[in-house]
1. Which whole-Hz couplings ³J(HN,Hα) result when phi for each residue of the stretch 284-293 is put into the Karplus expression 6.51 cos²θ - 1.76 cosθ + 1.60, θ = phi - 60°, listed in order with x for Gly and Pro?
2. Past 20 Å, Cα to Cα, is the threshold; run Lys115/Lys187; Lys174/Lys393; Lys139/Lys162; Lys115/Lys151; Lys359/Lys401 against it and keep the listed order.
3. Using the scaling law 2.2 N^0.38 Å as the reference, what is the normalised Cα Rg of the chain?
4. Rounded, prolate or oblate: which fits the stretch 138-287, taking a ≥ b ≥ c as square roots of the Cα gyration tensor eigenvalues, rounded meaning a/c under 1.5, else prolate when a/b beats b/c?
5. In nanometres, what is the gap between the two model label sites at Lys299 and Lys187, each 7 Å from Cα along Cα-to-Cβ?
6. List the residues, sorted by chain then number, that are 5 or more residues from Val65 or on another chain and whose placed amide H is less than 5 Å from its amide H.
7. What full-extension length gain, to one decimal in nm, is calculated for Ala357 and Asn244 as 0.36 nm per residue of separation minus the Cα-Cα distance?
8. Over the stretch 241-404, consider all pairs of different Cα atoms and compute the Kirkwood hydrodynamic radius from their mean reciprocal separation; express it in Å, one decimal.
Amino acid sequence: MWRRSKTAHPFINKRRYMNKLNFLCSAILLAGCGGNQQPVTATAETTTAIAAGLLPNPDSFRDTVDGLTTGLYFLHNGNLTAAITNYGARVVSLIVPDRNGNPTDVVLGYDSIGKYIHQPDTYFGAIVGRYGNRIGQAKFKLNGKEYTLYKNNGPNTLHGGKKGFDAVVWTARKLDTATLRLTYLSKDGEEGYPGNLNVTVIYTLDSNGLRIDYDATTDKPTVLNLTNHSYFNLNGQGSGTINNHLLQLYADHYTPVDSTLIPTGKVEPVAGTPFDFTKPTTIGGRVDDTANQQIKFGKGYDHNFMLLNSIADEPSNLPAAIATGDLSGIVMSVYTDQPGIQFYGGNFMAGTNPLKAGKTDGYRTAFCLETQHFPNSPNEPSFPSTTLKAGEKYVSWTFFKFSTK
Ligand code: BGC
């Protein structure tokens, strides 16, 4: 039942050429050809894009953290541009054209490394690990041995613990204009997890979207659940509520949670509940239906959905999710080989963080679609396994594809 799709990502759709981003085509300097982080120098064109407020200034990302150099790397392909920092392997900016061709930054982020380090933890754009989402009571057993983790979310551990992969400096290498490889060695015992874990994340900007490839190996059995924690607003970051976005999730079951957001272990149908997004539905339509206990526990949507593609008898190439910005017409289709997706509707956002371009992160002004294995899987034998053994290779991919309507 829990079969996982082995399909390669199938999207090579050609998209219309849209002129308004053209100046960015030549604007992006290829940063980094060496083995470690290369400081990025802005070209005249990049400077123009920065001055136009479309891209953060790479100077603001040059720093030394834990003795390692941080920087900002630009990827470019056709009408799409991404800015990624090696601090937390975070997507800082993702610029796509709206229905009128206007370049629109669809992810929330900060304009300096200092803010990523010092603002309260939001995981904006980060690669989350070793374990994306929660592990109940911050402990798990593997091969009879109990491992104790850091409780950073009530009684539970969340997103890797005290200092997860979102808060470490990755080694970055630009492979070509559209591809950035990031690697990180998480040492045996780091944050309580066993095994030296070598992780690689490759961001590739396709002509129509951002692909993320993950792989990892360990020298001892461990648990692993990697995801990307981008906060999206398809009308543009900081442009107000996401409650009028349309969302379709290719999932007819989800994993209900207890009051601390740990799955109960049950898998329940979405039919007849506010969790039914099997047809395109506004995010905000039922988000405050507090007669529903799951909505109460999540303070809105903060739940894992079980993806149809992962349980299809044959690989079906179904998306995981499709979201549409009501004002921009930007459509984001998410594809993945993972069995689940965490739909988080920004319920804990409070407008206290200063985003790029002078915006703030108001309540429910962004959503996350985190492709993943299910939360608390190490303690839930009925869920697809998240154990990685020595000698095995963890491989996973997710593709965020953009179009307009
Ligand atoms: C979690 C939320 C959490 C958010 C930011 C999501 O993946 O499920 O509960 O508030 O990340 O940390």
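No lab work stands behind these numbers, since they all come straight from the coordinates. Just so it is clear, the model here is predicted, and its values are computed rather than measured. As a convention, Cβ positions derive from the backbone with ideal geometry for all residues, glycine included, and neighbour counts pool all protein chains shown.
1. Karplus-based 3J(HN,Hα) across the stretch 284-293 equals x, x, 10, 5, 9, 6, 6, 5, 8, 5 Hz.
2. On the way: Lys115/Lys187 26 Å; Lys174/Lys393 23 Å; Lys139/Lys162 14 Å; Lys115/Lys151 24 Å; Lys359/Lys401 25 Å.
Listed pairs above 20 Å: Lys115/Lys187; Lys174/Lys393; Lys115/Lys151; Lys359/Lys401.
3. In units of the globular-protein estimate, the chain measures up at 0.92.
4. On the way: a/c = 2.14, a/b = 1.20, b/c = 1.79.
It comes out oblate by the Cα gyration axes.
5. 3.5
6. Residues meeting the criterion, in which the H sits 1.01 Å from N, are Thr70.
7. Details: separation 113, 0.36 × 113 = 40.68 nm, distance 2.26 nm.
Stretched fully, the Ala357-Asn244 segment lengthens by 38.4 nm.
8. Every distinct Cα pair counted, the radius reaches 16.7 Å.
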